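Read the structure below first, then the notes.
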Amino acid sequence: MTAEAMDERESEAGPGDPGPDFDLDVAVAHWGIDAWGGGEYLVTRLAEALSVDRIHTIGPPAPDEPNPYGDVRFVDVTDGLSPRPLRKLQARVGRPFEYALWEDVDWRAYGDPDVLVTSGATTRAVITPDDTLHVNYCHSPPRWFYDLYHDRKESATGLLARPLVRYLRLRDQTVDPRVDHYLVNSPIIRRRLWKYYKRESTVLSPPVDLDRYHDAGDGGYVLHLGRLDEEKGVPAVVEAFADTDARLVLAGGHGDVDDGVLRRIDRADNVDYVGFVSEAEKYDLLAHCTALVFNGRNEDFGIVLVEANASGKPVLARDEGFPGVFVEDGENGVLHDGSAAGIRAALDRVARADRGDLTIPRERVEQFGLDAFARQLRREIRTARREVCL
């Protein structure tokens with residue numbers, strides 16, 4: 001049967017059904033979880049698309065709560081490593097030890113799968129049997145090792161951490177040959193992967209359950225959806241709304257912004273921080289917002305952009321990385337330069353625009369649907385297995 005014929009038969013299956021011609025035993029691994037976010041959403045959808053009911057990870061998820069994105073369970077592989085107390089301690093420390101921890105996982109104890117799909121950078125350190133295909137879904141090469149290395153050179157912490165970062169960068173490079181095939185979330189990461197690893201890859205955009213999103217009108221607030229991180233440009237977003245009549249709602253887990261930003265949020269009458277929200281609450285916030293503001297630096301993807309457009313809402317997006325490619329200025333959103341002044345100017349443009357000028361057609365986001373994601377994922381795994389595991 002040709003690949004085209006198999007894809008046609010698979011189109012009749014749902015995203016949780018791997019299809020009649022997909023008979024490979026697949027395992028999924030995801031690096032340590034310190035907060036629920038886009039990576040965890042993605043790997044849950046990936047597991048569902050392959051009918052995998054568990055995801056192997058380093059340590060229990062730091063937010064002590066069930067997976068908010070689905071019924072797929074996260075299983076701690078450190079339970080099978082010895083000496084167990086030491087491995088548990090290393091898992092709590094986080095990223096510096098993850099390469100070594102993944103390296104010591106014996107996949108024969110987890111069913112000796114035909115295919116291991118890993119998500120994240122440190123999981124690439126796995127050593128698989130020679131007949132196991134290793135596919136890595138790359139969200140990005142570690143940014144503090146590479147494209148953002150110089151961004152913390154002015155801070156004492158950044159300077160002191162440089163020897164460790166240099167060591168981890170070397171570690172990161174040495175594990176790269178263990179990956180047989182790379183999937184990436186956007187053309188931005190495909191370029192970055194080639195820049196730093198000299199590896200080819202295939203773009204597989206994260207999926208969105210389009211049926212869950214709707215437009216419930218204008219609730220009179222602009223939404224920021226994501227962790228309160230410096231890398232997400234949150235300080236400039238908060239500053240942009242200072243001394244304005246516009247209302248800002250921030251939804252997401254605590255990140256690494258400093259206490260001064262948090263105090264500013266607390267003091268502002270027009271800024272509400274609602275913390276981490278459930279999926280149902282997220283859909284509701286998107287349905288009722290005026291627009292979504294996004295300020296991630298050279299962001300590799302940013303699934304919230306697609307979610308906002310799927311909800312019929314325009315995006316105030318920073319003009320770099322994937323957002324600069326996805327947003328057509330004046331059509332499905334407005335671009336800005338990442339500064340507080342730039343965000344305010346974009347906000348003014350949205351406020352002045354005729355609502356009809358920023359109507360988002362459904363076709364714009366259909367390429368990001370669950371079915372399209374599942375079909376392409378299975379096709380890529382089949383193709384890679386034929387080419388790598390003869």
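What to note about this one:
- Counting only helices (runs of 4 or more DSSP H) that sit wholly inside the stretch 278-340, those with at least 3 residues that are more than 19 Å from Gly369 (Cα to Cα) are 279-288.
- Odd one out for Pro60 among (1) over 20 Å from the mean Cα position of the chain (by Cα); (2) open to solvent by 80 Å² or more (accessible area, probe 1.4 Å): (1)
- Any hit, the stretch 233-248, residues being outside any loop (DSSP other than H, G, I, E, B), more than 17 Å from Ser339 (Cβ to Cβ), in contact with a Phe, Trp or Tyr (Cβ under 6 Å, 6 or more places away or on another chain) and of a type outside the set (Val, Ile, Thr): no
- Scanning the stretch 179-203 for residues that are open to solvent by 70 Å² or more (accessible area, probe 1.4 Å) and out of contact with any strand residue (DSSP E or B) (no Cβ under 6 Å at 6 or more places or on another chain) yields Arg191, Trp194, Lys195, Lys198, Glu200.
- Residue pairs whose Cβ atoms lie under 7 Å apart, separated by 6 or more positions or on different chains, with the first residue in the stretch 208-234 and over 20 Å from Val365 (Cβ atoms) and the second surrounded by fewer than 16 Cβ atoms within 10 Å (Cβ to Cβ) and of a type outside the set (A, V, I, L, M, F, W, C), are Leu228/His254; Asp229/Asp256; Glu230/Asp256.
- So Trp144, is it over 20 Å from the mean Cα position of the chain (by Cα) and under 25 Å from Pro61 (Cβ atoms): no
- Residues that are of a type outside the set (A, V, I, L, M) and out of contact with any helix residue (DSSP H, G or I) (no Cβ under 9 Å at 6 or more places or on another chain) were ranked within the stretch 330-352; the one that is most open to solvent (accessible area, probe 1.4 Å) is Arg352.
The values are calculated or read from the model by the stated rules, or taken from the named source; none is laboratory data. Remember, predicted model here, so these are calculated numbers, not experimental data. So basically every Cβ, Gly included, is an ideal-geometry build from the backbone, and we count neighbours across all protein chains shown. Surface accessibility is based on the protein's heavy atoms, side chains included, excluding ligands, DNA and RNA. Shrake-Rupley method; radii C 1.70, N 1.55, O 1.52, S 1.80 Å.
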